[in-house]
Structure formats: C-alpha cells, structure tokens
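Student: Once you've had a glance at the structure underneath, I'll fire off some questions.
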Amino acid sequence: MSKPVGDIALIGLAVMGQNLILNMNDHGFVVVAYNRTVEKVQNFLENEAKGTKVVGATSLEDMVSKLKLPRRVMMLVKAGPAVDDFIKKLVPLLSKGDIIIDGGNSEYTDTIRRCKELEAKGLLFVGSGVSGGEEGARYGPSLMPGGHAEAWPHIKPIFQAISAKVNKTEPCCDWVGSDGAGHFVKMVHNGIEYGDMQLICEAYDLMRSIGMNQEEMAQAFEEWNKGELDSFLIEITRDILRYKDTDGKYLLEKIRDCAGQKGTGKWTAIAGLQYGIPVTLIGEAVFGRCLSALQNERQIASKILPGVGDIKFNKDKKKFTESIRDALYASKIVSYSQGFMLLRQAAENHNWSLDYGSIALMWRGGCIIRSVFLGDIKEAFDKDPKLTNLLLAPFFVKAMSRCQKGWREVVATASELGIPIPAFSCALSFYDGYRAARLPANLLQAQRDYFGAHTYELLGKEGKWVHTNWTGHGGNVSASTYQA
Ligand code: 2AM
C-alpha cells in the first residue's frame, strides 16, 4: 500500500467546502475531498480543482486511508443531523488521537455535546466558526476554532495559513477555548453582524426620509468609510446604493422590504436571555427583521394608524448627516460592548478562558463584520485585558462623549418625524441605563413584594431580604418559603 499523502480531508463539496479546499491547496496542503453525493467529487476534480494537488475519495474508508497521522477530517456540511451522521460513520474508521473538525454553522450546544461524546471514544473534536462567505473561504476567512485543545497544534499550521491576515502577517484565527467556545464566538459574531446591518439600514432610512437621493447617500457612506466606520458592510452599502439595474434605475428601490434570516442572530438573542445579558441591540435587529417580514400587515396599518401629520424635516441636511454618523458609531460601540458582555458571561458559565483581544483580531479581517473599529477594540483589550466593559475603555469613553450629542439629536428627531429607529434608540437607552447610578428597580421590587411577597433588600442592608405587609391584610410570610 502506498504511503498516505493527505494532510487533511474535507467533507462537503458545496461552494464553501470547495473554496476552503482550493485555499488549502494554494497554501501547499494536500486535501482529500469527499462528499455524500460522491459524483460531486469527480466533478470537482475535473473542474474547479483541475490542475491542483487535491485528491478525490470514493468512500469514507478510501478517504481515511489517504490521510497522514493523526488524521484530520474537516466537515463543511449542513448543520444538524448531517454532522452527527458523518461523525457516526467516521468513528469506527478513525483511531485514537485523530481529529474531527466541524466547520459548519452548528449550535454551540451541539458542539459541547459532540466534544463529550468523542472524548469518550478517544477522538479529538473541534467546532470551528468559519466566516467570510464564499470569497472569504477561497482567499482568507476568519476562523474561530474551539473544542479539544490537544487538537490545536495539529491543525494550527493549516488554519492560520489559510485564514485572513491583518497587516499581512497577523492571522484572523486563533484557538478560542474549550468545547463550544468557537461556535459560540461565531454565533455572537453573527448576532453583531445583524446589529451592524440594522444600524446601517436605519441610517439609510433616515437619509431617505430627509430627502437625500441615492448618490448623496452613497457619497456619505463613501466618506464614512474613510474614518472610524471603515468596514466591509459600509463599503458594500455604498456600492449597493450606486448599483443600477439594466433599465438604468436603482436596483435597491425595487427590492421588497421584507428581511429573511437563518437563525444565528436569533440564537444570540436567545443566549442573551438565557445568560441574563441585555444584548438589546442584537435583539432589536432580529425583531426588526421580523417586523419587516409582516409586510402585508404593515401595508394595511399604514392606511389606518395615525402618524405625526405633516411635520417636515427643517434642519441642515449635511449637519444632520454628521449626526447620523455619530449615532451609528455610538450605537455600534454599545452593540459590541453588549456582545462582549455576553461572551464574558458565557465564558464564566462554561469555564472558557476567552482572550477578548484575540477574538477582536479574529473578527478584524476576513469576516463580514471586519472593520477598523475591531482594531480599536483589540487595542482596548490589549491595554487592559481585565476591562470589565468595552464602554469603559478610555478610547470609547472619549468617543461617546464626542458622539452623544448627535446621537441624541438623531433619536429625538426620528421620534418627532415618526421614523422607526429601534437599534439607535435602544442603544441610547442602554447607554443611559448602564451609566445610571440609580434605576427605578426599587419600585419594581416593591411591586413584586406587594403582589407576590418576593421580598426586597434595603439600601445599605444588602443581602438581608425583607417583606412588607403592604396592605395590612396580605400576611407577613414571604414567597421565598415556597415555589410559586
Ligand atoms: P450533498 O452534496 O450530498 O447534498 C451542503 O449542503 C453540504 O452538506 C453538501 O455537501 C451536502 O451534500 C451536505 N449535506 C446536506 N445534508 C446532508 C446529510 N443529511 N447528510 C450528509 N451530507 C449532507
């Protein structure tokens, strides 16, 4: 039998899988390609992979026999049962110390489960976030691997070679943490992506409502892309605004205002609720898509529900556009702060030791939220790795103090004009809530104690829970003695 030549196997020849294989091949690795529908392997070898060192496999057994030790098998298949199915088939073919990598968009809870299951079988498992779309996969994605740390030295050379690079040398890929940490970080990345997109859409809606034409809007985004907002999403927005259909008219105006979603934003919002972390902006971004999807209902309501009448925008457009920029930047800072708060809480619950600066670097290039801003976040964490909240980093405190006037003006004006800005306004409310030394939760506690005897603490006597018989006939027994 000839000596195995394969550095890594890749299962799943949809476009992401194919592009990752070609990317690995470009970096000198020999990849063994396999797919459930086996005909796709030959097809790939005869077309996209023609002239490369990629090796095809006719079965899982054939694939495994072509791999060097420890065997590295990466899957890029549909998240869910397909992953479990392949794992089940692979386990009897692999030996102790071999590595299975799931590069799909799996739920982190599935990754935690698979880590446990495979550990019991002596195999190593890695769940890796892969971001950057088709283009990223081909020329440099952001990779967020987590799982069994013993696997990392064996996959690091491949992963860091194929990932995007910041400043041409720093890979947007590092070990994230144990079990589901990689997929959790990828999920939060996607949630933040939802937030960024919603913020840009609100900026566009405001610009449109104050009477800017699409070229003026494109110019504003072009300008913004030269400064602190410099990012992939701002850049593509500029291009989308300028894009004309074959009839010479703007394509954007013709697109139905009804958003789709695949679920990772929703998972982030659910995780926020589960861990008790107010990721309000991501939540609003998900709900914003849901509201947009009720297009038929909105059409009816638009003819029934009263608005603000004929209040007209009467400010200076150019100056107001500057305020929109400030609102976008300040809200973005809030959104990322919330995202990192969620990471911190999940890390505590799952015992992940996350390096937040390193996560910011992984998102700095290659992925959809790539931006100059993430470089600033990395710097903030590098300066103070124990930073409790991004909002408290001196760099961002300064930014907030510079932006808040414009931000408040935008929220107030939008409200006067009846323009929906759920993300801008919830971010501002969060900001004002987070910086409030006193919130009205004293009343809330009183209400809970009034109707449910849930008890409360007195200021200065923390840790001592008391109940008041508010009505004189409610009784003196607190609810802590039973489960209602
Ligand atoms: P296919 O080409 O045989 O459909 C993206 O859909 C990738 O996931 C494809 O490679 C696809 O294989 C694979 N895939 C989807 N569902 C699958 C399943 N239930 N079992 C195995 N592979 C699956």
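Student: From the set of residues in region 70-92 that are within 9 Å of the ligand (Cβ to nearest atom) and part of a helix (DSSP H, G or I), which is surrounded by the most Cβ atoms within 10 Å (Cβ to Cβ)?
Tutor: Here the residue is V83.
Student: For the structure I just gave you, tell me whether A137 is within 16 Å of the ligand (Cβ to nearest atom), of a type in the set (G, A, S) and in a helix (DSSP H, G or I). Lay out the reasoning, then the answer.
Tutor: Working: within 16 Å of the ligand (Cβ to nearest atom): yes; of a type in the set (G, A, S): yes; in a helix (DSSP H, G or I): yes.
It is true that A137 is within 16 Å of the ligand (Cβ to nearest atom), of a type in the set (G, A, S) and in a helix (DSSP H, G or I).
Student: Give the residue that is nearest to the ligand (Cβ to nearest atom), with candidates limited to residues of region 107-126 that are touching a residue at least 12 places away in the same chain (Cβ under 8 Å) and not in a helix (DSSP H, G or I).
Tutor: E107
Student: Quick test of your reading of the structure: A9 fulfils all but one of (1) away from the ligand (no atom under 15 Å from the Cβ); (2) small (G, A, S); (3) touching a strand residue (DSSP E or B) at 6+ places or on another chain (Cβ under 6 Å). Name the failing condition by number.
Tutor: Here A9 clears every test but (1).
Student: Continuing with this model, one more query. Being part of a loop (DSSP other than H, G, I, E, B) and either over 31 Å from the mean Cα position of the chain (by Cα) or in contact (Cβ under 8 Å) with a residue 40 or more places away in the chain (or both) is the filter here, so list the residues in region 38-57 that pass it. Even if it seems obvious, please write down each step before you answer.
Tutor: Our first condition is that a residue be part of a loop (DSSP other than H, G, I, E, B); within region 38-57, this holds for 38, 47-54, 57.
Hits for region 38-57 are V38, N47, A49, K50, G51, T52, K53, V54, A57.
Student: Of the conditions (1) away from the ligand (no atom under 11 Å from the Cβ); (2) part of a helix (DSSP H, G or I); (3) of a type in the set (A, V, I, L, M, F, W, C); (4) in contact with a strand residue (DSSP E or B) (Cβ under 6 Å, 6 or more places away or on another chain), V64 satisfies every one except a single condition; which number is it?
Tutor: (4)
Student: Next question, about the same structure. Name the helices (runs of 4 or more DSSP H) wholly inside region 218-294 in which the number of residues that are in contact with a Gly (Cβ under 6 Å, 6 or more places away or on another chain) is 1 or more.
Tutor: Working: elements: 232-242, 264-275, 280-293.
Counting at least 1 such residues, we get 264-275, 280-293.
Student: Right, another one. Against the condition over 16 Å from the mean Cα position of the chain (by Cα), farther than 19 Å from P81 by Cα and basic (K, R), how does R138 come out, does it pass?
Tutor: Working: over 16 Å from the mean Cα position of the chain (by Cα): yes; farther than 19 Å from P81 by Cα: yes; basic (K, R): yes.
It is true that R138 is over 16 Å from the mean Cα position of the chain (by Cα), farther than 19 Å from P81 by Cα and basic (K, R).
Student: A follow-up question, please. I'd like to verify a number: residues in region 148-184 that are surrounded by fewer than 19 Cβ atoms within 10 Å (Cβ to Cβ) and without any contact (Cβ under 8 Å) to a residue 60 or more places away in the chain, how many?
Tutor: 11
Student: When region 121-147 is examined, which residues are found to be surrounded by fewer than 24 Cβ atoms within 10 Å (Cβ to Cβ) and farther than 15 Å from L90 by Cβ?
Tutor: G133, E134, E135, R138, Y139, G140
Student: Oh, and also: Do we find that G104 is modelled with pLDDT of 95 or more, within 22 Å of the chain's Cα centre (by Cα), farther than 27 Å from V5 by Cα and within 12 Å of the ligand (Cβ to nearest atom) in this structure? Can you show your working first?
Tutor: Working: modelled with pLDDT of 95 or more: yes; within 22 Å of the chain's Cα centre (by Cα): yes; farther than 27 Å from V5 by Cα: no; within 12 Å of the ligand (Cβ to nearest atom): yes.
So G104 fails the test.
The values are calculated or read from the model by the stated rules, or taken from the named source; none is laboratory data. Source: prediction; values computed, not measured. With ideal geometry, Cβ positions are generated from the backbone for all residues, glycine too; neighbour counts draw on all protein chains shown.
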